[in-house]
Every structure is written in C-alpha cells, then in structure tokens.
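One structure is given below, encoded as structure tokens.
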Amino acid sequence: MCGIVGLFLKHPGLEHELGGHLAAMLATMRDRGPDSAGFAVFGRDDGTVKITVRGPGLSALAARLELDADLRDTHAVLHVPASRMEEVRTALASDPAVTIVGEGQRMELYKEVGLPADVAARFGLSAMAGTHGIGHTRMATESAVTTNGAHPYTTGPDQCLVHNGSLSNHNALRRRLVREGYAFETENDTEVAAAYLSWRMREGDTLEGALHAGLKDLDGFYTFVVGTRTGFAVLRDPVCCKPAVMAETAQWVAFGSEYRALVNLPGIADARVWEPEPARVYAWERAA
Amino acid sequence: MSDQIDLAVATTRDLNGALHGLPPDTNRTLWRVLNPRGQHALAVGVDAPIRVEIAGHAGYYCAGMNGGATVVVEGNAGNGVAENMMAGRVEVRGDASAAAGATAHGGLLVIHGNASARCGISMKGVDIVVGGSVGHMSAFMAQAGTLTVLGDAGDSLGDSIYEAQLFVRGSVASLGADCVEKEMRDTHRTALAARLQAAGFDGVDAGSFRRYGSARRLYHFHVDNAGNY
C-alpha cells in the first residue's frame, strides 16, 4: 500500500506553514502506511551544505567537527561550509555509527520507524519552513521495516523521491547504475528509482526529461513524487495501479495518495482537484 | 424536512448505521451528508428508497452495494464508486476515480465529469452513463449492462468482454481483445435515448454514438491456440 504526499508552494507567504501542512498530510496517510514514515523539506539556502545524518552521539560529532548542527531526535543536520566538504565527508565516512541520510543546499531529510504522526512530531516537522516538501508513509511489502527501508530516498544533492508501488526490474537496473558509479545502501526498489533519476539528471536531463526516460526504463507499478532543489514532479505508471490525487490553487500544488490527505490545505474548497493521467509527467519549477 | 449528518462530528459508521436502520416505508427520505472530506465507504449498502446527498468529495467505494437508494455526490468520487450496486441510482457531479461501477449488477450510475481507468470493470447488469471520458481498460470483462460515454474512451475498451453493450460518442483510443464495433440499429438508438434521458442528458442525440460489443471469440477454447499454453 503506502501513502505519499507532496506540497509545492508558489506563494512565499505560506513558507512558514509548509511543515505544518506536510505533518497533517502524513498523519492522515497513516491508514495507508503505519510502519514507518519520512519526509524531505526544502528550506532556506544559508550558504552552507546541509548534511542530514543519523546515528548515536551526533551532538558530540558536531562539536568534534566544529560544525553548526540542528539536532532532531535520531537525526542531525550539519551545516558544512563548502570549503570543508571533503574533510567532513572523510570524517563521516570513517565513523561507522553515522549514516548520511541526505545532503544538499536546501534539502533536509528525515525518516524513522513508527506511526507517521509520531515520526513527524519527533523531528518537529510542524515547525519547519520551506518552499516544498515530500513525504511517505510505509506499509512494507518487499523489504524489512527498518529506518533504511523508509522513504524518501536520495542519491544526489537536493534530490529525493517517494514511491508507492513496486518495480520489477530494479535488480537489473541497479547493476547498470553501479557501473555508472552509484552506490546502494539497501535492496529496496525505490532507491534504484531515485538513483536512476539522479543518473539521468547527471547526464543532462531536466527533472521532466528524466521522468520521461523512466517511462521507458522502469518496469512495474509506481506513483512517484520527486523533489529537487527548485522542482517538484509527479509521475504514474501507464497502468495507474496506485492511487493519486492532485490539487492546485494560485498559492500551491499538492499531491496525495488520497484526497483525504489534502482536506486541510488552505483554499482546498476552491482548488482544482484532479487525478493525474497515466504515463504523464507533471512538473513544476520555481526560480532558483 | 431533511435529515442531516455532519461528518465533522459524526463517524462513517454513524452515517451508515442510521441509513441501514431505515425501514422500506420510511418517510425520512432526504439525507444531507456534510463535510465528507474524502472519507471512504460513505452511504454503502443502503436498501431504503431514500435520497442521500453528499456535500463534497467522497473517498473510496461510495454508495457501494447500493440496494435502491439515490446517492448524489456533489463533488468527485474516489475508487470504486457504486461498486457492486444492485439497484437504485448513483450520481457523481464531478469526476470519478478508477473502477467506477465495478461488478455492479443493476441500477444507474451517472458520472457528469470523467471516469478514470477501468470504469465498469466486470459489470454485470448496471447502466453507466459518463458525461465526460473514460480511462483505459474500461468495461474490462464486462458481462452485462451498458456503458455509455459522451466523450472519449481510453485504450483497450471492452477488453475480454463477455456481453454488455458499449456506446461511445467520441473517439476510442483502442479496442481490447475480442471487442468490436457493431451496427447501431433502431432498437439500440431507442434504448440509448431512453437511458440518456434517464441520466439527465436529454439534449444528446442517440444517433451520434457508435456501438461496441463482444465478438464472442473467447467464449470457447480454440485448438489453434493450444501452442500458447
């Protein structure tokens, strides 16, 4: 099953509300995925690279590396000046207890096992501001209920993906992407989809172009919601196996596995509400 | 005087319990359902000949197993609206998601907007009238009843159809296995005109539709296909 949500703001006046709306959307989608939850929020660019890490002793880690850090439950966001990226990457790689969850100029990424509302509360999602975000509630079907098995998945800076469905050619695709230089943390099919899109964009595709290429190369059932530094996109497989509803106003674009996830958004009563068509890429970009 | 149930305070079970408790000769024949907010399984299995108006978007399986009520959704409906309906009338003012009218045996399902994939899948006697277009694989394995589409039909219309009559006014992206175009005779036009009128599409010319149905080539095993197994 699984539930996925996404919210892309067009109006800057709503940015301080982003986390609150995303938290409510995730909580409603508990019925579709009570095992674990995760979300990515694209916040302000403060000139540093944000590396989201998880593991024990993160406060001491940040102190040792002399980095500013936002500590949130099992995760921390390290604010790393560009000049120190190599040094910090090396330090993190040498600490086996620390896992890098995501990195980017704007993206922060959190995921944990537990009910979606609890996960959102533990990380303080309601208080987070940003321009767009995506989230996932998981009902595990093809791999274990672990933090690593939770979405979103990222394989590149400021790129992340949530997925409802299951891919059938992910093993073959994973081997191809390993040859292209991608490393995989899990056996999960969604991680392969994320790497695939990162690879396409590395090779010069736009987000929209990468998703079009995915229609040809990805086999299986999927509804994807993708976030990048400035973009937000949705794609459903040609069979439309998994549900999807979108809504748009002058202020925002929202995605939910079900309409129920969208009912608390401001102005929903007057929003254009529609079901995304099969095999059609819906993409929005904002000025960087 | 109508009864009113506000789902901002009442549960789905409160609503369905109240509707199921009505005797066939009830005089409480008009029910307004407020704040549906996309909730699932609203007004399912209602046997009493009442009218239920849902003031907004409904979730999955709205009016499923309908046994004789008139259920009006004043918005969009999620997956499986009027699935397995036996009798009565279900009307969706907006769009319907996948599998509208799935397996329904009887009654009339009217969708004013578009219906997405698999509309009328495995239908068994229901009449479905869609004001807009239907998605791919509509009337898949349809067994009886009619599907009337004022707009276009997506890929593989009527795939593996047994019986059931399909009428489409616009284009058909492709026909599914064993579904073929058939001659539109006077008897079909007359019956279609009556259905359009019943559905509230009075001004629409029944002569502007084309008819599709089963070529009946899949009814029996054909020895030439033995090599495929």
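The values are calculated or read from the model by the stated rules, or taken from the named source; none is laboratory data. Every value quoted in this text rests on a predicted model; they were computed, and no experiment measured them. Note: ideal-geometry Cβ built from the backbone for every residue, glycine included; neighbour counts use all protein chains shown.
Residues that are crowded, with 24+ Cβ neighbours inside 10 Å, in contact with a Lys or Arg (Cβ under 8 Å, 6 or more places away or on another chain) and within 12 Å of another protein chain (Cβ to nearest Cβ) occur in the stretch B:39-55; there is at least one.
Taking the stretch B:155-191 as the range and being touching a Lys or Arg at 6+ places or on another chain (Cβ under 9 Å) and of a type in the set (Asp, Glu) as the test, the residues that pass are B:Glu163, B:Asp178, B:Glu181, B:Glu183. Among the residues making up the stretch B:143-181, those that are in a loop (DSSP other than H, G, I, E, B) and touching a Phe, Trp or Tyr at 6+ places or on another chain (Cβ under 6 Å) are B:Gln143, B:Gly158, B:Asp159, B:Arg169.
Yes/no per residue for (1) acidic (Asp, Glu); (2) within 22 Å of B:Gly132 (Cβ to Cβ); (3) in contact with a Leu (Cβ under 6 Å, 6 or more places away or on another chain); (4) in contact (Cβ under 8 Å) with a residue 12 or more places away in the chain:
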{"position": "B:Leu192", "(1), (2), (3), (4)": "no, yes, no, yes"}
{"position": "B:Ala199", "(1), (2), (3), (4)": "no, yes, no, yes"}
{"position": "B:Gly203", "(1), (2), (3), (4)": "no, yes, no, no"}
{"position": "B:His222", "(1), (2), (3), (4)": "no, no, no, no"}
{"position": "B:Tyr229", "(1), (2), (3), (4)": "no, no, no, no"}
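Yes/no per residue for (1) crowded, with 23+ Cβ neighbours inside 10 Å; (2) within 14 Å of chain A (Cβ to nearest Cβ); (3) closer than 23 Å to B:Ala194 by Cβ:
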residue	(1), (2), (3)
B:Ala82	yes, no, yes
B:Thr103	no, no, no
B:Gly107	yes, no, yes
B:Ala117	yes, yes, no
B:Gly132	no, yes, yes
B:Ala139	yes, no, yes
B:Gln143	no, no, yes
B:Thr148	yes, no, yes
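When the stretch A:127-146 is filtered for residues that are of a type in the set (Ser, Thr, Tyr) and surrounded by 18 or more Cβ atoms within 10 Å (Cβ to Cβ), the ones remaining, listed by number, are A:Thr131, A:Thr137.
Among the helices (runs of 4 or more DSSP H) confined to the stretch A:99-208, the ones with at least 1 residues that are in contact (Cβ under 8 Å) with a residue 60 or more places away in the chain are located at A:116-122. Residues of the stretch A:244-288 that are small (Gly, Ala, Ser), within 14 Å of another protein chain (Cβ to nearest Cβ) and in a strand (DSSP E or B): A:Ala247, A:Ala254, A:Gly256. Only residues that are within 11 Å of A:Gly130 (Cβ to Cβ), touching a helix residue (DSSP H, G or I) at 6+ places or on another chain (Cβ under 8 Å) and outside any helix (DSSP H, G or I): list them for the stretch A:1-44, please. Once the filter is applied, which keeps residues that are within 11 Å of A:Gly130 (Cβ to Cβ), touching a helix residue (DSSP H, G or I) at 6+ places or on another chain (Cβ under 8 Å) and outside any helix (DSSP H, G or I), the stretch A:1-44 yields A:Leu7, A:Leu9, A:Phe39, A:Val41. Kindly check whether there is at least one residue in the stretch B:7-25 that is part of a strand (DSSP E or B), away from chain A (no Cβ under 14 Å) and more than 24 Å from A:Leu262 (Cβ to Cβ). So far as the stretch B:7-25 goes, no, none of its residues is part of a strand (DSSP E or B), away from chain A (no Cβ under 14 Å) and more than 24 Å from A:Leu262 (Cβ to Cβ).
When residues in the stretch B:61-76 are screened for being buried (at least 24 other Cβ atoms within 10 Å of the Cβ), within 14 Å of chain A (Cβ to nearest Cβ) and in contact with a Pro (Cβ under 9 Å, 6 or more places away or on another chain), 2 of them pass. Within the stretch A:222-247, being surrounded by fewer than 17 Cβ atoms within 10 Å (Cβ to Cβ) and more than 17 Å from B:Ser97 (Cα to Cα) holds for one residue alone: A:Thr230.
Considering every residue within the stretch A:92-111, establish whether at least one is in the same structural domain as A:Arg32 (by TED's automatic domain parsing) and farther than 15 Å from A:Pro157 by Cα. There is at least one residue in the stretch A:92-111 that is in the same structural domain as A:Arg32 (by TED's automatic domain parsing) and farther than 15 Å from A:Pro157 by Cα. On the stretch given as the stretch B:106-123, residues that are touching a strand residue (DSSP E or B) at 6+ places or on another chain (Cβ under 6 Å) and either farther than 20 Å from B:Asn16 by Cβ or touching a residue at least 40 places away in the same chain (Cβ under 8 Å) (or both) total 9.
Beta carbons closer than 6 Å, at least 6 apart along the sequence or on distinct chains, pair a first residue in the stretch B:1-28 that is farther than 16 Å from B:Gly45 by Cβ with a second that is part of a loop (DSSP other than H, G, I, E, B) and at pLDDT 95 or above for B:Asp3/B:Arg28; B:Asp6/B:Asn35; B:Leu7/B:Asn35; B:Leu7/B:Pro36; B:Ala8/B:Asn35.
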